[in-house]
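Visitor: Below are the structure tokens for one structure; questions will follow.
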Amino acid sequence: MNISIREATEADFPAILSLIKELADFEKAPEKVTNSVEQMNREKDLFRCFVAETESNEIAGMALYFFAYYTWVGKSLYLEDLYIKEQYRRNKVGTALLRKIFEVASAEGCQRVRWQVLNWNKSAIEMYRKSGAELDDEWLNCNFDADGIKNFRI
């Protein structure tokens, strides 16, 4: 299978949003996606994305990321989503996207690359462990949605 990895453009946002929705279905949380192509266009300076494209110009997967600053180490790359359509899995598409992420992190002088994986996603966990990732079972996520932000009180 011949797949090319390239930087996403605004023209790819509908396909990327479709992958985001597929990922939400896979993660059993489709109702949580509130993003839109219009919102992605407004916020395009806040994220970057690589897409994996087939010879027939189909988007087979994506790696969406942004830069973050962690106080303990400094500049870091946060991989928000790595998703491959089911029919393209086990063809090294995810590996190719991860390689591209690590090329960027290295070129940008990042001190850390971080992402999350659900504890039941065994195939992804296995791939990440094989790549040398340290999986942390100590930290918990703290999240507030838009309503939670509005209603925040201590």
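Throughout, read-outs are computed from the coordinates displayed, never taken from laboratory work. Since the model is a prediction, treat every value here as computed from it, not as a measurement. Neighbour counts run over all protein chains shown; Cβ positions are idealised from the backbone, glycine included.
Visitor: Among the chymotrypsin sites (Phe, Trp or Tyr not before Pro) within region 57-154, which fall in a DSSP loop and have no more than 12 other Cβ atoms within 10 Å of their own Cβ? Write out the running numbers ahead of the final one.
Guide: Details: sites: TYR65, PHE66, PHE67, TYR69, TYR70, TRP72, TYR78, TYR83, TYR88, PHE102, TRP115, TRP120, TYR128, TRP139, PHE144, PHE152; in loops: TRP72, TRP115, TRP120, TRP139, PHE144, PHE152.
Passing sites in region 57-154 are TRP72, TRP120, TRP139, PHE144, PHE152.
Visitor: Any chance you could check the Cα centroid distance between region 48-88 and region 95-154 for me, in angstrom?
Guide: 11
Visitor: Compute the semi-axes of the equivalent ellipsoid of region 3-117, taking the square root of 5 times each eigenvalue of the Cα gyration tensor, and list them largest first in whole Å. The partial results should precede the final answer.
Guide: On the way: eigenvalues 97, 61, 41 Å².
Semi-axes, largest first: 22, 17, 14 Å.
Visitor: Could I ask something else about it? Mind listing the long-range amide H neighbours of ALA68? Cut-off is under 5 Å, sequence gap 5 or more, other chains count too, H placed in the peptide plane at 1.01 Å from N.
Guide: Under 5 Å from the amide H of ALA68: SER76, LEU77, TYR78.
Visitor: Here's another thing I want to ask about it. Would you mind finding the longest exposed-site-free stretch of the chain, with exposed trypsin sites (Lys or Arg not before Pro) meaning DSSP loop and at most 11 other Cβ atoms within 10 Å? Intermediate values should be presented prior to the final figure.
Guide: Values: sites that count: LYS28, ARG90, ARG153.
Looking at the chain, 91-152 is the longest stretch - no exposed trypsin sites (Lys or Arg not before Pro) with at most 11 other Cβ atoms within 10 Å.
Visitor: Calculate, in nm to one decimal, what VAL73 and ARG153 gain on full extension: separation in residues at 0.36 nm each, minus their alpha carbon distance. List each step's numbers first, then the result.
Guide: On the way: separation 80, 0.36 × 80 = 28.80 nm, distance 3.03 nm.
Residue separation times 0.36 nm, minus the Cα-Cα distance, leaves 25.8 nm.
Visitor: Determine, for PHE47, PHE26, the number of other Cβ atoms within 10 Å of each Cβ, and report the residues in order from fewest to most.
Guide: Details: PHE47 16, PHE26 13.
Final ranking by Cβ density, sparse to dense: PHE26, PHE47.
Visitor: Residue-wise, which Karplus ³J(HN,Hα) couplings in Hz belong to region 79-93, taking 6.51 cos²θ - 1.76 cosθ + 1.60, θ = phi - 60°, and x for glycine or proline?
Guide: The phi angles translate into 8, 6, 9, 10, 9, 10, 4, 3, 5, 9, 5, 6, 10, 6, 5 Hz.
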